[in-house]
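Notes follow the structure.
The values are calculated or read from the model by the stated rules, or taken from the named source; none is laboratory data. Remember, predicted model here, so these are calculated numbers, not experimental data. Using ideal geometry, Cβ is built from the backbone for each residue, glycine included, and neighbour counts are taken over all protein chains shown. Note: areas computed on protein heavy atoms with side chains; ligands, DNA, RNA excluded. Shrake-Rupley method; radii C 1.70, N 1.55, O 1.52, S 1.80 Å.
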Amino acid sequence: MEQRFANSWRMTVNEKKFIQTALLSDLRTDGRGPFDYRNLTIQFGSEDGSSEVQLGQTRVMGFVTSQLVQPYRDRPNEGTLAIFTEFSPMADPSFEAGRPGESALELGRIVDRGLRESRAVDTESLCVIAGKWVWSVRIDLHILDNGGNLVDAANIAALAALLTFRRPECTLGGEDGQEVIIHPPEVREPLSLIVHHLPIAVTFAFMGDQSIVIIDPSHIEEAVMGGKLTATLNTNGDVCAIQKAGGEGVMQSVVMQCLRIASVKAADITGKIKKAVELYKTSRDLKKIKRHPDSEVESHSSKKEERKHKAVIAGTSSWDPYSKAADADELKAGLASQAVATPDEKMDAIQPEKQQLNVMDESPRDADLSPSLSVAAEAGEGKNKAKSLLDAVKPKHKRKKTNLSNSDGS
């Protein structure tokens with residue numbers, strides 16, 4: 001943090017005056033107006049409870065985990081919610097690895113105050129056995145790139161990760177009924193957290209002598225600002241938390257103006273978060289639905305294979321040499337049993353087969369001859385129709401010759 005202040009002092013007087021003079025004309029270095037937010041992008045990882053938020057050039061990743069712990073003595077029926085932040089040198093050269101600095105602690109406290117003090121997460125639903133076991137939810141916020149206004153980006157990342165997180169379902173068992181059994185996701189569907197409302201953090205920066213107010217300050221504007229105010233509100237207009245850091249005091253009228261603007265921005269950001277979460281849940285449900293038909297098809301195919309296997313084993317009459325389900329040993333046993341049978345039994349078994357073969361052989365012949373006979377009959381009928389009665393009677397000279405030949409022979 002001290003190095004960040006040292007870097008801010010290196011900014012020349014002309015650069016500071018340029019930024020302040022531009023703000024008097026309602027202009028900012030990135031082209032925005034005094035109360036314009038940067039582009040907000042929300043993405044989710046492959047696992048539940050992971051999110052990545054990009055606000056301009058600021059990038060923050062949130063990850064939610066849970067485990068069973070013993071509750072506090074003063075709150076035996078409530079789970080716990082903890083927030084941890086990590087500032088890596090990859091995000092900003094002024095951040096040092098290892099022990100968190102003042103900026104990391106301040107960021108974690110602001111986000112934690114907005115979530116816990118407003119009772120956004122139902123901690124009573126995290127209780128498993130009163131006084132013995134409760135769920136402890138942990139939110140890890142990793143700063144990937146510092147482009148200014150880390151508080152707002154980290155708050156959105158934490159809310160998006162909480163809305164997509166699902167804890168394992170657990171039941172009580174054992175002899176005394178006090179043993180906790182945690183079911184994996186393959187056995188029982190995990191449970192989502194109960195989130196009553198979404199507290200949105202909106203940060204304002206004060207320039208000059210506290211007369212210039214801007215929203216969502218960038219990295220350069222934070223180096224010039226004289227102080228900042230972070231207000232956490234929900235869509236109902238309830239003020240969940242408020243913090244003023246640096247600079248001199250701010251007038252009450254300025255604070256009320258900031259709260260009115262923050263209420264509008266909180267409603268807009270809440271709509272974007274809910275839309276992104278709905279798209280993620282829809283895609284997750286579609287993936288889950290696609291697996292069920294595949295499993296059903298596999299079960300049906302396995303049942304069909306079992307039926308085929310049983311049919312092959314039942315007897316040799318349904319034996320198929322090309323069936324994959326045929327067992328060589330059982331087929332040999334069936335053939336051996338046929339070889340032991342008596343000759344009479346073999347003849348009795350062969351005769352029905354021959355009869356069936358004869359029937360099958362005759363049927364096509366009849367089918368083939370019937371059309372030829374019908375054609376021949378039609379041809380004969382045509383010839384008969386063409387001849388007359390005179391053609392049917394033999395001539396007289398032929399009949400005389402036949403009679404003479406018969407008389408000579410006698």
With the condition kept exactly as written, say whether any residue in the stretch 24-40 is in contact with a Pro (Cβ under 6 Å, 6 or more places away or on another chain) and either hydroxyl-bearing (Ser, Thr, Tyr) or in contact (Cβ under 8 Å) with a residue 60 or more places away in the chain (or both).
-> no
When you look at residue 225, is it in contact with a Phe, Trp or Tyr (Cβ under 9 Å, 6 or more places away or on another chain), open to solvent by less than 70 Å² (accessible area, probe 1.4 Å) and more than 27 Å from residue 273 (Cα to Cα), yes or no?
-> yes
Which of the residues belonging to the stretch 185-197 are part of a strand (DSSP E or B) and either under 22 Å from residue 40 (Cα atoms) or not small (Gly, Ala, Ser) (or both)?
-> 191, 195
Residue within the stretch 98-107 that is over 24 Å from residue 56 (Cα atoms) and part of a helix (DSSP H, G or I) present = no
So how many residues does the stretch 174-201 have that are over 29 Å from residue 156 (Cα atoms), more than 27 Å from the chain's Cα centre (by Cα) and open to solvent by less than 70 Å² (accessible area, probe 1.4 Å)?
-> 3
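To keep it simple, each residue is scored yes or no on (1) within 23 Å of residue 160 (Cα to Cα); (2) surrounded by 18 or more Cβ atoms within 10 Å (Cβ to Cβ); (3) touching a residue at least 60 places away in the same chain (Cβ under 8 Å); (4) not aliphatic (A, V, I, L, M).
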residue: 84; (1), (2), (3), (4): yes, no, no, yes
residue: 88; (1), (2), (3), (4): yes, no, no, yes
residue: 97; (1), (2), (3), (4): no, no, no, no
residue: 111; (1), (2), (3), (4): yes, yes, yes, no
Answer residue from the stretch 259-280, given it is out of contact with any Pro (no Cβ under 9 Å at 6 or more places or on another chain) and of a type in the set (Gly, Ala, Ser) and is surrounded by the most Cβ atoms within 10 Å (Cβ to Cβ) among those = 262
Identify, please: which residue in the stretch 154-169 is open to solvent by 30 Å² or more (accessible area, probe 1.4 Å) and not in a strand (DSSP E or B) and is, among those, farthest from residue 110 (Cα to Cα)?
-> 169
Within the stretch 33-74, how many residues are of a type in the set (Ser, Thr, Tyr), open to solvent by 30 Å² or more (accessible area, probe 1.4 Å) and in contact with a Leu (Cβ under 9 Å, 6 or more places away or on another chain)?
-> 3
Number of positions in the stretch 198-250 that are without any contact (Cβ under 8 Å) to a residue 12 or more places away in the chain and assigned to a strand (DSSP E or B) | 0
Does residue 248 satisfy being modelled with pLDDT of 90 or more and either polar (S, T, N, Q) or open to solvent by 50 Å² or more (accessible area, probe 1.4 Å) (or both)?
-> no
Selection count, the stretch 108-122, where residues are within 27 Å of the chain's Cα centre (by Cα) and assigned to a loop (DSSP other than H, G, I, E, B) | 2
Criterion (part of a helix (DSSP H, G or I), modelled with pLDDT of 90 or more and buried (at least 16 other Cβ atoms within 10 Å of the Cβ)) met by exactly one of 137, 128, 151 = 151
